[in-house]
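The values are calculated or read from the model by the stated rules, or taken from the named source; none is laboratory data. This structure is a prediction, so every number in the text was calculated from the model and none was measured. Cβ coordinates were reconstructed from backbone atoms using ideal geometry, including for glycine residues, and neighbour counts include every protein chain displayed.
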Amino acid sequence: MVSKELVKELQEKFDAGAAAAEPDIALKCFDLFNQISQEMEDLKEELEDMDIAVQMILTDVDKKYWIKASEGKMEFGAGDVDNPSFTFSATKEVGLGMLFGEVDATSAYMAGDITVEGNLQDAMAFQEIIELAMEGFEDILDEM
């Protein structure tokens with residue numbers, strides 16, 4: 001079950017915007033995505049076919065986070081991940097904006113606001129995970 005407290009906390013952060021957020025909110029976003037993935041069939045199915053490790057670097061605040069999706073499960077944490085499928089680097093506002101649903105990753109990549117090193121197909125699949133999780137988040141908000 002998705003934590004209502006986490007949903008409320010992130011709703012406030014999302015309303016305030018990525019520019020106002022602390023970098024470590026990324027971990028709470030990943031926690032929310034993980035909880036949603038256990039309840040949302042579309043996202044659960046997407047994760048079952050994945051085996052990716054994502055390294056996220058927020059360049060202007062010198063923070064690193066990682067998230068893995070494998071065998072239908074998600075893991076995440078702060079710091080470095082071994083053998084990332086891809087690494088994306090962005091400013092805090094752009095990186096968190098992507099997690100908050102404020103920034104379209106493809107547009108940001110094309111504009112040079114996000115740098116991706118590694119497998120671009122995995123990066124696109126990760127963007128799809130975020131989009132599905134945000135849909136689940138909005139559904140939860142509608143039910144509250």
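Of the residues making up the range 9-36, just one is without any contact (Cβ under 8 Å) to a residue 24 or more places away in the chain and of a type in the set (Lys, Arg), namely Lys28.
Within the range 47-67, the presence of a residue that is of a type in the set (Gly, Ala, Ser) and within 26 Å of Asp139 (Cα to Cα) is excluded.
Select from the range 57-84 the residues that are closer than 15 Å to Ile129 by Cα and modelled with pLDDT of 90 or more and list them in ascending order. Result: Trp66, Ile67, Lys68, Glu75, Phe76. I'd like the residue in the range 11-30 that is surrounded by fewer than 16 Cβ atoms within 10 Å (Cβ to Cβ) and among the charged types (D, E, K, R) and, out of all such residues, is nearest to Glu75 (Cα to Cα). Once the filter is applied, the top-ranked residue is Asp24. When Val2 is tested against the conditions (1) over 28 Å from Glu71 (Cβ atoms); (2) not in a helix (DSSP H, G or I), the lone failure is (1). Answer with yes or no whether Ile130 is touching a Gly at 6+ places or on another chain (Cβ under 9 Å) and modelled with pLDDT of 90 or more. Answer is no for this residue.
With respect to Ala26, determine if the residue is assigned to a strand (DSSP E or B) and more than 19 Å from Asp139 (Cα to Cα). In short, no.
Applying the set (1) under 21 Å from Leu10 (Cβ atoms); (2) acidic (Asp, Glu); (3) not in a loop (DSSP other than H, G, I, E, B) to Glu39 leaves exactly one unmet item: (3). For Glu39, the stated conditions hold: it is among the acidic types (Asp, Glu) and in contact (Cβ under 8 Å) with a residue 12 or more places away in the chain.
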